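Here is the structure we will look at, set down as structure tokens.
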Amino acid sequence: MSTAEEPGIITNASRAASPAPVSRRPAPRLKGVVGFNLLSAVILGVAGYYAGWFIGHQIKAPTFLYEGATDENDVALLLGYAFGVIGFLIGMGFANYPVSRLLGRPASLREKEEHGISRYFGLCTDHKVVGMQYLIGIGLFLFVGGANAMLIRAELLHDTPTILGPSQYLTTVGIHGSMMMGIMTSGVLGPFANYFVPIMIGARRMAFPRIESLTFWLLMAGGFILVSTIFFGGFPTGWTGYEPLNDQAVAGMDSYICFFALVGLSMMLLGLNMIATILTMRAPGMTWSRLPIFVWSVLATAVLMVLAAPTLIATLLMAALDRSIDTSFFIAGGGGSSFLFENLFWFFGHPEVYILALPGFGIVLELLPVFVRKPLWGYRLAISGMLGVSLLSFFVWQHHLFVSGINADLRPFYMLSTEIISIPTGFIFLCFMGTLWKGRMSLTVPMLFCLAWAFNFLIGGASGVVLSDVATDTQLHGSFFVMAHFHYTIMGGLVFSFFGAIYYWVPKMTGLRFNERLAKWHFWLMFLSFNSTFLPLFALGIMGMPRRVSSYEPNLVPLNTLVSISAFVLGFSMLIFLVNTVYSMIFARVGAEANPWRSKSTEFQLPTPVPVYNFEQIPVFDSDPYDYGIPLLPAGGGQAATAGA
Amino acid sequence: MASASEEVPPGPRLTPVGRGVEIPPEPPGAGARALSVASRLLCGATTFFFLAFVFAYFYLRSLDQDRMWRGAHVHPDQALGGVFVACIVLSAALAIVAGRLMKSGSGSWLAPGIASVVLGLAAVAAQCIEYTLQDFGPTRGAYASVFCGWSGFYLIAVLATMYWLETHVATELRARRAPASSAGDVHEPDRLIAPGLDAAVFYWGFLAAIGVLTYVTLYLL
């Protein structure tokens with residue numbers, strides 16, 4: 001099978017008549033080892049790290065006596081990470097295309113699209129492979145982040161430090177927060193949007209397939225860099241990286257900076273690719289009013305990614321310069337200001353919250369019509385809600401700085417803008433309720449997760465409105481109340497919808513069914529333990545329990561014990577999911593139907609697994625995606641048509 | 001779950017790809033549209049990247065922490081900065097000319113294209129010379145930090161854009177030098193180059209505008 005090539009290039013098909021060239025490929029045994037793959041990438045990544053480390057030492061302190069003290073030389077570590085990532089990407093094969101273009105040799109659009117299992121461990125331009133790569137990769141780092149959460153709760157069983165020292169505790173909190181906030185920015189767009197958006201809009205590929213693959217490998221490189229912080233003393237700032245702690249911290253802080261900069265780069269490119277794909281590659285008939293609501297949510301998220309992530313990258317580069325070459329962007333002693341960091345960080349950080357939440361909205365509204373068998377209520381209202389959230393999220397960032405000495409005259413504006421953002425969010429709830437109304441609901445596992453999303457996100461959203469009030473925020477800032485709020489929005493909102501999406505779409509992606517009994521156990525344990533973990537945190541916050549401190553008042557021990565036990569049950573529910581995944585995907589291997597949910601969505605009209613190029617002919621869309629319960633039109637509508645028709 | 005009598009089959013009817021089926025090429029405009037959109041989005045991303053430096057400039061300047069915003073001898077060379085920005089503006093103008101010639105179907109776009117790349121690289125060289133000649137480093141207060149950070153990352157953006165323009169020049173040169181014969185060779189260079197060149201020229205024009213803003217803010221204000 002051949003594929004579309006860039007116009008103007010001679011294709012393999014067009015030279016089929018010419019004799020085949022003699023190939024000098026390696027022997028079959030070495031075929032999978034030699035070349036551009038994960039093994040080469042790791043080798044070149046390690047070599048690159050040591051090259052950068054050595055150069056850094058030569059620049060900063062060219063003496064052999066100093067070379068062991070990496071924790072005192074940020075230049076060496078930052079260059080090590082930079083060169084390591086470059087080496088890793090070269091090993092993967094990401095430099096081949098740019099070098100070809102530099103020499104005037106345009107490459108084709110295809111790369112490792114039709115090979116076997118090895119395509120999952122390298123640069124692959126098939127959007128479905130990248131989607132699967134993301135699912136596994138993100139799952140791996142979610143596990144690391146979750147394991148850190150268990151450590152935190154184990155430490156908080158006592159009111160004085162027991163398992164971890166204070167700095168180890170802060171590092172654990174920092175890794176947990178950064179991992180969850182950083183990696184999960186692509187939690188939905190990575191696996192599900194990459195896999196399904198092209199199919200949903202009737203395209204054969206993403207607009208920029210290599211960039212699509214690059215975003216994944218950048219994220220993975222970032223994840224490993226963050227974990228490596230434990231070798232360099234960790235970092236004390238939590239996920240926000242606040243100055244002046246950032247500048248004062250040991251070399252482990254550089255891992256945080258590199259990690260988030262790579263996440264920002266990956267996020268920006270992912271968003272750019274998504275927008276370009278949705279804007280330019282829709283099939284005939286896929287008008288804006290027929291675009292699936294999930295695709296709309298991806299579009300709204302992608303806009304935030306493209307615009308907010310560059311500010312994060314710039315901020316982290318400034319921090320890296322402060323730490324390495326002693327500039328003074330954020331150092332008061334040199335004319336800088338730590339408040340500059342706080343402002344710039346939250347200019348990214350608050351849209352980041354919606355980068356996490358918006359795809360969850362899209363998943364829930366996408367799944368709901370399927371399981372209540374009626375059209376999505378308020379389709380246009382839902383779109384305006386998502387776009388409204390997306391726009392307003394740039395005007396609320398200073399509510400994070402209410403207690404940081406900002407001009408008091410600014411506070412009412414940011415309080416109001418934060419409260420106003422609850423209106424478009426309310427639109428989403430309205431559409432949720434309207435769609436449920438008089439529907440024939442079936443309580444499948446994905447539907448259960450959708451219902452749980454509504455319950456959790458309502459609590460998270462309502463507590464957010466409470467916190468937007470200046471007087472309340474002044475009292476509760478830095479307490480467990482804030483922590484409960486954002487866990488309800490992000491875990492309750494995003495992670496629950498993420499699991500809903502897993503149970504809904506993974507059977508399509510893998511062709512295998514989950515064990516339903518285990519899945520229901522997973523849901524009920526997760527839902528109940530999630531609420532018994534985070535609901536008491538509101539009370540703890542009001543009672544004065546501070547964040548990021550492992551010592552607390554003895555009268556808070558009983559509630560903390562309850563929270564910790566609940567958190568362990570929550571962790572256990574994740575193990576059930578893991579067991580279910582291993583059992584269903586490796587041992588039981590019960591085949592899934594092509595359309596197990598009787599969905600009208602495009603992806604479920606294709607065979608399982610979805611073919612490499614999705615469609616033989618580009619489809620023509622002539623109906624709305626959610627017209628469940630509407631009588632069928634006479635035969636003839638919705639037929640496939642020829643490309644470009 | 002839905003009743004058995006409900007609409008079957010649901011959704012649009014689609015024909016899956018069979019084995020060995022030749023997939024027709026994409027419509028020629030698809031890649032061009034994607035590149036065009038991407039260049040506009042890249043402009044948005046670039047704006048927000050440099051907006052962080054603009055914010056830092058005005059924030060730290062208005063704060064003037066301990067009067068350490070700008071030391072007594074911290075003044076970049078306006079003449080060398082002027083050469084830098086003039087090279088950039090001229091390079092962008094030539095790139096626009098090249099883009100228009102390409103759109104009109106003229107093969108003479110190559111000369112202004114090459115000149116644009118050369119001038120862009122000359123701008124980079126001018127800025128590097130300025131770094132070596134200026135009598136302050138990045139540690140000399142907040143202004144010096146913003147100056148070095150902002151101009152340094154702008155320089156990297158210029159280099160990356162020069163690479164982008166160069167790929168089109170190189171493709172054209174290669175196609176003119178050797179006719180296409182094997183898979184992967186270019187046999188219709190204009191069809192391949194036009195959308196990419198259009199996107200690169202748009203981005204370069206935008207980046208040049210940021211360059212002018214950079215000059216005004218860092219050198220003249």
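Structural remarks
- Interface residues in the stretch A:271-294 - accessible area drops by 30 Å² or more relative to the isolated chain, probe 1.4 Å: A:Leu272, A:Thr280
- Averaged over its residues, the stretch A:185-261 has an accessible area of 20 Å² per residue, based on protein heavy atoms and a 1.4 Å probe.
- Protection proxy ranking of A:324-331, A:467-474, A:89-96, by the mean of other Cβ atoms within 10 Å over each peptide's residues and highest first, is A:324-331, A:89-96, A:467-474.
- A:Ala95 long-range amide H proximity, modeled H, under 5 Å: none
- Computed with a 1.4 Å probe on the full set of protein chains, the accessible area for A:Arg282 sits at about 60 Å².
- For B:67-73, mean number of other protein chain Cβ atoms within 10 Å: 2
- Ordering A:436-443, A:224-231 by mean Cβ neighbour count within 10 Å, with the highest value first, yields A:224-231, A:436-443.
- Pairwise FRET efficiency - A:Gln168 versus B:Cys128, Cβ, R0 = 60 Å, nearest 0.05: 0.85
- Legend: residues in the stretch A:337-374 shielded by at least 20 square angstrom of accessible surface upon adding the remaining protein chains to the isolated chain (1.4 Å probe, heavy atoms) are A:Ser337, A:Leu340, A:Asn343, A:Leu344, A:Phe347, A:Arg373.
- Calculated FRET value between A:Val403 and B:Ala79, using beta carbons and R₀ = 35 Å, to 0.05: 0.15
- For the stretch A:152-169, backbone phi angles converted through the Karplus equation (6.51, -1.76, 1.60; θ = phi - 60°) give residue-by-residue couplings of 4, 5, 5, 5, 7, 5, 10, 8, 10, x, 10, 7, 10, x, x, 6, 5, 4 Hz, Gly and Pro being listed as x.
- With protein chains left intact and a 1.4 Å probe, residues in the stretch A:511-618 average 46 Å² of accessible area per residue.
- In this simple spin-label model, placing a label point 7 Å from the Cα along the Cα-to-Cβ direction at both A:Phe224 and B:Leu221 gives a separation of 4.2 nm.
- Area buried, chain B against chain A - accessible surface, total, 1.4 angstrom probe, square angstrom: 6900
- Extension gain for A:Ser422-A:Ile542 works out to 40.9 nm (0.36 nm per residue, less the C-alpha to C-alpha distance).
- Chain lengthening between A:Leu535 and A:Phe143 when straightened (0.36 nm per residue, less Cα-Cα): 138.8 nm
- Relative packing of peptides A:594-607, A:415-428 - highest average C-beta neighbours within 10 Å first: A:594-607, A:415-428
- FRET efficiency for A:Trp521 and A:Asp159, using Cβ-Cβ distance with R0 set to 56 Å, rounded to 0.05: 0.95
- Peptide-level mean, for B:161-173, of C-beta atoms on other protein chains within 10 Å: 3
- Phi to ³J(HN,Hα) by Karplus 6.51 cos²θ - 1.76 cosθ + 1.60 over the stretch B:59-74, Hz, x for Gly, Pro: 5, 6, 5, 5, 6, 6, 3, 6, 6, 9, 4, 9, x, 5, 10, 9
- Accessible area of the stretch A:272-430 divided out per residue, in Å², using a probe of 1.4 angstrom: 26
- Counting, for every residue in A:98-105, the Cβ atoms of other protein chains within 10 Å of its Cβ and taking the mean gives 6.
- For A:Leu512, nonlocal amide neighbours, meaning residues 5 or more places apart or on other chains whose placed amide H falls under 5 Å from its own, are A:Ala592.
- Scalar couplings 3J(HN,Hα) for the stretch A:309-318, obtained by applying the Karplus form with A = 6.51, B = -1.76, C = 1.60 to θ = phi - 60°, are 4, x, 5, 4, 4, 4, 5, 5, 5, 4 Hz; x denotes Gly and Pro.
- Cut-off 13 Å, label 7 Å out along Cα→Cβ of B:Arg67, residues of the stretch B:141-167 by amide N: none
- Per-atom-type breakdown for the protein assembly as shown gives carbon and sulfur 69% of the accessible area (1.4 Å probe, protein chains only).
The values are calculated or read from the model by the stated rules, or taken from the named source; none is laboratory data. What you see is a predicted model, and the numbers here were worked out from it, not measured in a lab. Every residue, glycine among them, receives a Cβ derived from its backbone with ideal geometry; neighbour counts consider all protein chains shown. With ligands, DNA and RNA removed, areas are computed over all heavy atoms of the protein, side chains included. Shrake-Rupley method; radii C 1.70, N 1.55, O 1.52, S 1.80 Å.
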